[in-house]
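All remarks here apply to the structure that follows.
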Amino acid sequence: MNFFESQDRARKNTFQLILLFSLAVIILIVMVNLLVMLAFGFIDNEQMSAGQSFWQQMDWRTFATISSAVVLVVLGGSLYKIMALSAGGKVVAEGLGGQLIAQNTTVLNQRKLLNVVEEMAIASGTPAPPVYLLADENGINAFAAGFSPKDAVIGVTQGAIDHLSRDQLQGVIAHEFSHIFNGDMRLNIRLIGVLNGILILGIIGYHLLYSTSRSRRGRDNGKGAAGILALAIGLIVIGFAGTFFGGLIKAAVSRQREYLADASAVQFTRNPEGIAGALKRIGGLEFGSLIEDPGAAEISHAFFAQGVSGLMQTLSATHPPLAKRILHIDPHWDGKFATVDKLEIDQSVQSGDGKVSKAQPELAKKMSTIAAGASIVDLANSISQIGNPTRETVDYVRALIAQLPTVIKDAAREPYGARAVVYALLLDKDQQIRLKQLAYLHQYADANVAVFTRKLLSEIDRLEAGSRLPLIDIAIPALKQLSLSQYQIFRVNMDALIDMDFKLVLKEWTLRKILFIHLDAHFFKHPRSLLASVDSEQLKPEIALLLSVLTYAGQQEQVVREDVFITAVEALGMSELKLVNENAVKLSDLDTALQKLEKLTPMAKPMLLHACAVCIMRDQKIDPVEVELLRAFADVLACPMPPLISYA
């Protein structure tokens, strides 16, 4: 199942979730009505003994009132929780006591974890998500949380980084990336909100019981108080029923997705022993995969392995048994769990510590970044790898990161330095304009950042064009550590540097677009659109503009441009699209068009990206501007596209 099919499946799973939620609410409505009728004497046993049926005694007006109240309480509880989680995955991580790991950490195990996440993220075509450490948890576990890759975070327990080797940790992280790309993560957050609504009736019961017990001290309030007490106890019982229903819903939605994520992790790493070894170590560890934080039960379905224990969790386990998961990956497993850590000394590239294995220089010689006139690259294959990058891409990214100058790499992993790196990338080649830009930074940017920008210029100017995107992906996690006021100043300064040459070129637009796509989602709470997905036929003008921009980026003659555009349109299988006049192309219009194209149905997105690839490859060469444009388009469409590799 590819990335786009997984996204489509996630939409269908959301429908399944709504169906199960509705069924649970109906059952709760019936249970609460029966409780109220019995607690307050609406049902008379003597009359039923005399031949009057249960349904004849039912007060249907009261039934309607209670049903409405239950629906309002459940929906209100669900919406409240979903709104509380609207800031993204960081709310979930912080709720479990997670602490953000600084991008420039020098703690060995934390550095190992961040290196693994960074490599796999860039190989996937997305900035590395912030990583939170659950420092008080000794069990081996992890989770991914958020609504989309833009606001996703990864949480990892202390036990995982203490007891897993690099390969095993890579398998776990690959599993979590699968959840991010397949839409599982967004479904998990919705599931948290839905279950909060179902469980809230039990919470109301506890409050009623507490208030009733206090009011009854020292006095007898008669039948009414007894009815409220019975109602409170009954609601608590219904709360337990809600917990049971919630567990069943989580199990129904979660179990099969864990097998799929395991399979994706194996495909990503090409190392079955990585994730299988992590599962075997969980089985042999005293703490297993248990999470001790009280909030763990709420997000148990999002963990890498079963995070909570108890009778209720056994009856409705959100994860398949460890043994079954291991056998799916390693059919020849002997049934023995690993009781001892095998933390080998890692001989591969550590992405920043300067250690490179013997194989990496050879890899670096064989692979080169995309430059003007580069050899033909299988762009269609890169699109097919969206959400499913290969081990070769991970190795390439590891070698690429190792080759970046240490001063730039270290700077990009720290908030001050990351701003300086971006500013340096935006400085104009024309010396007069560059001096004006530097003067602006010394006046309006943080003084230390302005000085650091000037120091980095010589190294930044020597970078190959193909290093820009990986460098930006490294910098984005550090930029997310800025305060809101710092980010707003950074944003204004970026626009000022871009506007200082009185023209907005595509290279500057793509850099700005990629940064703002990921950073705005982190700093600003944008309302989530409830509009349904749209088909390509409804967005013909926007698609025509998109393909026109890519056509002009190739810098061919006008006759060739017409041919390129027609070929792309034919690949898309659409008609009546016309090449937009070059003088009529405005990047502000492109921004508007991309906002609409973001709503394309999952299965329409690969067709559009394939048409973009046709535009780029029609002249049998790839320009860095075209690569960056395609990456920006893919980011807007929420399609993480792996970096292109050119084999020399």
Karplus-derived 3J(HN,Hα), 6.51/-1.76/1.60, for each residue of region 166-179, Hz, glycine and proline x: 4, 5, 5, 5, 4, x, 5, 5, 4, 4, 5, 4, 4, 4
Taking r as the C-beta separation of GLN488 and VAL407 and R0 as 41 Å, the FRET efficiency to the nearest 0.05 is 0.90
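Can you put ARG512, ARG257 in order, fewest other beta carbons within 10 Å first?
On the way: ARG512 20, ARG257 23.
The fewest-first ordering by Cβ neighbours comes to ARG512, ARG257.
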Round to a whole angstrom and tell me the spacing of the C-alpha centers of region 67-93 and region 104-146. 28
When a/c is below 1.5 the answer is rounded, else prolate if a/b is larger than b/c, else oblate, so apply that to region 536-647 with a ≥ b ≥ c taken from the square roots of the Cα gyration tensor eigenvalues. rounded
Here are some pairs, LYS150/LYS409; LYS409/LYS455; LYS540/LYS578; LYS150/LYS429; which of them have Cα atoms lying more than 20 Å apart in this structure? LYS150/LYS409; LYS150/LYS429
Which parts of region 390-421 would a label at LEU457 reach, counting a residue when its backbone N lies under 16 Å from a point 7 Å out along Cα-to-Cβ? 420-421
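Could you give the length gained by full extension between ASN583 and GLU557, i.e. 0.36 nm per residue of separation minus their alpha carbon distance, to one decimal place? Let's see the in-between values first.
Values: separation 26, 0.36 × 26 = 9.36 nm, distance 1.49 nm.
Result for the pair: 7.9 nm of gain on full extension.
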Between VAL71 and ARG255, the FRET efficiency computed from the C-beta separation at R0 = 35 Å comes out, to the nearest 0.05, as 0.75
Karplus-derived 3J(HN,Hα), 6.51/-1.76/1.60, for each residue of region 583-600, Hz, glycine and proline x: 5, 8, 7, 10, 5, 5, 5, 5, 4, 5, 4, 5, 4, 6, 5, 4, 8, 4
I want the local charge near GLN99. Using Cβ-Cβ distances under 12 Å, sum +1 for each Lys or Arg and -1 for each Asp or Glu among the other residues. -2
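Which FRET efficiency value, to the nearest 0.05, do you get for ASP341 and ALA135 by plugging their Cβ-Cβ distance into 1/(1 + (r/R0)^6) with R0 = 25 Å? Each step should come with its number before you reach the end.
Values: r = 18 Å, r/R0 = 0.74.
Efficiency, from the Cβ-Cβ distance: 0.85.
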Two pseudo-spin positions, 7 Å from Cα along C-beta at GLN620 and at ALA84, lie apart in nanometres by 6.2
Mind listing the long-range amide H neighbours of GLN99? Cut-off is under 5 Å, sequence gap 5 or more, other chains count too, H placed in the peptide plane at 1.01 Å from N. LEU133, LEU134, ALA135
Give me the net charge for the shell around GLY417: Cβ to Cβ below 11 angstrom, other residues only, Lys and Arg +1, Asp and Glu -1. +2
The summed charge of the GLU273 Cβ neighbourhood (under 10 Å; Lys/Arg +1, Asp/Glu -1) stands at -1
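Only Cα pairs under 8 Å and at least 6 apart count here; give the relative contact order of region 376-519 as a rounded whole percent.
On the way: 104 pairs, mean separation 42.8, N = 144.
RCO, region 376-519: 30 percent.
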Apply the Karplus curve 6.51 cos²θ - 1.76 cosθ + 1.60, θ = phi - 60°, to the phi angles in region 452-464 and return the couplings in whole Hz, x for Gly and Pro. 5, 4, 4, 5, 7, 4, 5, 5, 5, 5, 8, 5, 6
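How would region 540-604 be classified by its alpha-carbon gyration tensor: rounded, prolate or oblate, with rounded meaning a/c under 1.5 and the a/b versus b/c comparison settling the rest? All intermediate terms of the calculation are to be shown ahead of the outcome.
Values: a/c = 2.23, a/b = 1.26, b/c = 1.76.
Oblate is the answer for region 540-604, as a/c is 1.5 or above yet b/c matches or exceeds a/b.
None of the figures in this text is laboratory data; all of them are computed from the coordinates on show. The model shown is predicted, which means the values in this text are computed figures rather than measured ones. Ideal geometry is used to build each Cβ from the backbone, glycine not excepted, and the neighbour counts take in all protein chains shown.
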